[in-house]
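The values are calculated or read from the model by the stated rules, or taken from the named source; none is laboratory data. These numbers come from a predicted model, not from an experiment. In this analysis, Cβ positions are derived from the backbone assuming ideal geometry, glycine residues included, and neighbour counts consider all displayed protein chains.
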Amino acid sequence: MIRRSASVLAVGVFALALTACASLMGNKLDKDANELKTALAGEPVEVTRQDGSIVITSSADYLYPSGGWQLRPGAPLLSKMVPTLSQLQHTKIVVAGYTDNTPVGPQLKSMGITNNTDLSYKRATTAAAYLQSQGVNPNLLSAQGFGDANPVASNDTPEGRAKNRRVEITLTGDGT
């Protein structure tokens, strides 16, 4: 009887430790989300918590000139994220670019950007490179371009197309 009680106690202690660990991870991600919300207050950006992740969504029009992939001077929006992102050592940072469904024009094509997927990837890699240059751990950073896939609004209106031109930065991990 004593042996069985000891193993039940050990299982209970282990379960409690796992719960505490999960709670600490959630609390750290919550803290990171709150830091980012504070740093980005007043900016045209959305910071949301989703199933063990933080998603930061910004209009691409705010980060890049129309039809381009070069960041605006000083990259003000990304600069405000750097103090939080540069502290991370175990949390993956994925920069994902999206466009509307308007085909790329001849000027972009002459620069080697043949379609919206190329443009969205170029935008995402430029943002990731900037974050790295500001001290964010390069081993945590990755970039993806989705072009006009996964629209969040109709491409039938200028407002809808503007919403679809976006960059999403997703933080996944324990928040450290």
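Is at least one residue of segment 126-143 in contact with a Gly (Cβ under 7 Å, 6 or more places away or on another chain) and not aromatic (Phe, Trp, Tyr)? Quick ask: steps written out before the conclusion?
First, pick out the residues of segment 126-143 that are in contact with a Gly (Cβ under 7 Å, 6 or more places away or on another chain): none.
Within segment 126-143, none of the residues are in contact with a Gly (Cβ under 7 Å, 6 or more places away or on another chain) and not aromatic (Phe, Trp, Tyr).
Candidates are the residues of segment 48-83 that are without any contact (Cβ under 8 Å) to a residue 40 or more places away in the chain and farther than 19 Å from Arg165 by Cβ; the one that is farthest from the chain's Cα centre (by Cα) is Pro73. Based on this model, can you work out whether Ser154 counts as loosely packed, with under 14 Cβ neighbours inside 10 Å and hydroxyl-bearing (Ser, Thr, Tyr)? Taking the combined requirement at face value, the residue satisfies it. Of everything in segment 125-134 that is farther than 18 Å from Thr172 by Cβ and touching a Leu at 6+ places or on another chain (Cβ under 7 Å), the residue that is surrounded by the most Cβ atoms within 10 Å (Cβ to Cβ) is Thr126. Against the criterion of being over 19 Å from Ile56 (Cα atoms) and touching a residue at least 12 places away in the same chain (Cβ under 8 Å), Leu171 does not qualify. If you filter segment 135-149 down to residues that are in a loop (DSSP other than H, G, I, E, B) and surrounded by 15 or more Cβ atoms within 10 Å (Cβ to Cβ), you find that the one that is farthest from the chain's Cα centre (by Cα) is Asp148. Checking each residue in segment 84-111 for being out of contact with any helix residue (DSSP H, G or I) (no Cβ under 6 Å at 6 or more places or on another chain), more than 30 Å from Lys28 (Cβ to Cβ) and touching a residue at least 60 places away in the same chain (Cβ under 8 Å) picks out only Asn101.
Scanning segment 150-163 turns up no residue that is part of a strand (DSSP E or B) and either modelled with pLDDT of 95 or more or under 30 Å from Gln87 (Cα atoms) (or both).
One residue stands out in segment 87-105 among those that are more than 17 Å from Thr172 (Cβ to Cβ) and polar (S, T, N, Q): the one that is nearest to the chain's Cα centre (by Cα), namely Thr99. Out of everything in segment 114-124 that is farther than 16 Å from Arg166 by Cβ and within 23 Å of the chain's Cα centre (by Cα), what residue ends up being surrounded by the most Cβ atoms within 10 Å (Cβ to Cβ)? The qualifying residue surrounded by the most Cβ atoms within 10 Å (Cβ to Cβ) is Asp118.
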